Every structure is written in structure tokens, then in C-alpha cells.
Amino acid sequence: MMIMQLEKDNQAHCHQNVIELEDVSFSYELKPVIQDVSFGVQERDFVGLIGSNGAGKTTLLRMIVGLIKPDCGSIKLFGQPVKDFKDWSRVGYVPQKNSFNPLFPATVREVVLSGLYSGNRLFRKVSKADQVKCDEALHAMNIDDLAAKRIGQLSGGQQQRAFLARALINNPALLILDEPTVGIDAETQQGFFHLIKHMHQHHNITFLMVSHDMEMIRSYLGQEPKGECGKLKFYVKHSHELEDCGETNLTHSLKELRHSMEKGKVGV
Ligand SMILES: Nc1ncnc2c1ncn2[C@@H]1O[C@H](COP(=O)(O)OP(=O)(O)OP(=O)(O)O)[C@@H](O)[C@H]1O
């Protein structure tokens, strides 16, 4: 049995478990993909999930957000079994490779706003406050000018930014990102990493991110993984900064990002 248990050097009693996996296994038909994975993500962890192609990273994320069920084992989100979890506004998820038919009718604004609707909120009226949240999220990803465009008419990188804005609109406590910068140019990647690092360090957001960008992972999360299971490696950094901001909104993050861009010419 392969069990991976993350070290909890920085465990502080004030930090709750955000994700708990215990002996999770999954097979596509008869092909085992995930075997006996156990690990925990705590509030304010930034977990980078690394593994070769086909190692099961996307499959693991899809189980965590409840899109597929494990064959055995248990998965909890914020202390609740995923199957009973309802508070999806606390979780932002950006799947891998969102690509749309150019004729797909939704505009970027509609796609971003759809991040606010979950469960019975699906057909609710869009309020002024929702529009403001949408503007902030569009602005954070620097796609204000694309708001009225059809999502299918955007480049891959622009679509990815729209999906990041969609994940950010609820100001989630947990952001789950599946290779978020695939198809995004180097300058934009740099700005994006700057933004998520800021969100991690100052805004109490917990991250689980699949990436093949070892340079970014190692520079922020350290040289060695904290845990391994099969072909999956988990790099972890915990953030607990005394000078955390009271503010947790996107506008604040954006202000800090713009400031850095002006100083260091970081692109978004
Ligand atoms: N719907 C599916 N039906 C059958 N097999 C699948 C399905 N989705 C994925 N697989 C297989 O499961 C394995 C794990 O796939 P997964 O997408 O989770 O890997 P990954 O680590 O995210 O890979 P990559 O780095 O290439 O994105 C692969 O061998 C893949 O071919």
C-alpha cells in the first residue's frame, strides 16, 4: 500500500484542514490511476502538484471538486465529505484546457459571472454588486477590454485568463488550478504567478495547483517535495505572515499588483 503523508512542520492549531484525502484510489475501467493516496492541505498552504503526463493529477483534482467519485477512500473539503459539501463559492476551480467552439454564444462577462451561480443561484438576477465583482475579476486578469467578446473568439491564453477571472469572482478560500498558465505567454505567466503569490501571502487563500513549471514551483515552494505518492509529488509552502492584510478583496490584490507592475514592469 502506498501512503503519502505530508509533513506538518508548520501545523498551527488555528489552521483548519481544507482538503483531506485518505487512502483514495481510482481506476478508469480496469486501469488504476490513483492508488491509496493520503494527504492533507491546510488553510494557507500552497501545494504544487507535480507529476509526469498521465500520472493522475487532473483525475485527483476532479475527485476533490466532486466531479468524479473515488473507488475507495475518503475526501473531505473544509471538514465535510465532498458528497455532502454545498458551499462551492468557497472553492475556485480552473480546469485544464478550456477550449471553446468559436460559435459558443456566451460573452466573457457572462462566463465570468457564471462563477457566481451555483446550485439554486443558477438563474438568479445579476445584481449591481455582482457586476462590480465581475469588473474587479476582469480587471485583475487584465481583460476588461474583452468583456463583451464571445469567449470562443478569444485566443487560448485569453480564454484561460477569463476562466481564472471566473474562479476569482467569489473571492474563494481555496483555489484549485490545473496547469493555469498553459498557452499563456511568458510575461503574462510572470504576472499571474506574482498575483497568486500575493494572494497566498497576504489574503489567506489556500492553493492547490498542478504545474509543469518546475522553475516556478521550486522558486516558491522549495527544492524538495514534502511528500510523494507513486508518480505524484507534492511541494508545499505554508504562509502565516504577521502583517496579513485585513482586506481580502480582489481590488486590494490588484492595487498591489499594479504597484509592482509600475515598479518592476511585471506583465499580467
Ligand atoms: N475519461 C477517461 N477515460 C479513460 N481513461 C482516462 C480518462 N481520463 C484520463 N484517463 C487516463 O488516466 C490517466 C491519468 O490521466 P490524468 O489526466 O489524470 O493525468 P495527468 O497527470 O493530469 O496528465 P497530464 O500531465 O498529461 O495532464 C491517463 O493515463 C489517462 O489516459
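Here is how the numbers come out for the structure above:
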read-out	value
Test result for residue 217, touching a residue at least 60 places away in the same chain (Cβ under 8 Å), within 24 Å of residue 60 (Cβ to Cβ) and aliphatic (A, V, I, L, M)	yes
Where residue 247 falls short, out of the listed (1) acidic (Asp, Glu); (2) modelled with pLDDT of 80 or more; (3) surrounded by fewer than 16 Cβ atoms within 10 Å (Cβ to Cβ)	(2)
Meets criteria (surrounded by fewer than 20 Cβ atoms within 10 Å (Cβ to Cβ), within 26 Å of residue 85 (Cα to Cα), of a type in the set (A, V, I, L, M) and without any contact (Cβ under 8 Å) to a residue 12 or more places away in the chain) for residue 186	no
Test: residue in the range 194-215 that is away from the ligand (no atom under 16 Å from the Cβ), surrounded by fewer than 16 Cβ atoms within 10 Å (Cβ to Cβ) and either modelled with pLDDT of 65 or more or not hydroxyl-bearing (Ser, Thr, Tyr) (or both)	yes
Lone unmet requirement of (1) at pLDDT 90 or above; (2) outside any helix (DSSP H, G or I); (3) not acidic (Asp, Glu) for residue 132	(2)
Qualifying residue in the range 28-50 (condition: of a type in the set (Gly, Ala, Ser) and more than 23 Å from residue 173 (Cα to Cα))	no
Any hit, the range 157-170, residues being surrounded by 17 or more Cβ atoms within 10 Å (Cβ to Cβ), at pLDDT 80 or above and not in a helix (DSSP H, G or I)	yes
Where a residue in the range 38-58 is within 26 Å of residue 15 (Cβ to Cβ) and its partner, wherever it lies, is aromatic (Phe, Trp, Tyr) and more than 16 Å from the ligand (Cβ to nearest atom), with Cβ under 8 Å and at least six apart	45/207; 46/207; 46/220; 47/207; 48/220
Answer from 193, 163 - the residue that is among the aromatic types (Phe, Trp, Tyr) and farther than 19 Å from residue 44 by Cβ	163
Candidates 11, 42, 35 - the one that is at pLDDT below 90 and of a type in the set (S, T, N, Q)	11
Qualifying residue in the range 135-153 (condition: out of contact with any helix residue (DSSP H, G or I) (no Cβ under 6 Å at 6 or more places or on another chain), in a helix (DSSP H, G or I) and closer than 28 Å to residue 86 by Cα)	yes
Qualifying residue in the range 143-156 (condition: of a type in the set (Ser, Thr, Tyr), more than 16 Å from the ligand (Cβ to nearest atom) and farther than 16 Å from residue 46 by Cβ)	yes
Odd one out for residue 193, checked against (1) in a helix (DSSP H, G or I); (2) out of contact with any Ser or Thr (no Cβ under 9 Å at 6 or more places or on another chain)	(2)
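The values are calculated or read from the model by the stated rules, or taken from the named source; none is laboratory data. All of these numbers come straight from a predicted model, not from anything done at the bench. Ideal geometry is used to build each Cβ from the backbone, glycine not excepted, and the neighbour counts take in all protein chains shown.
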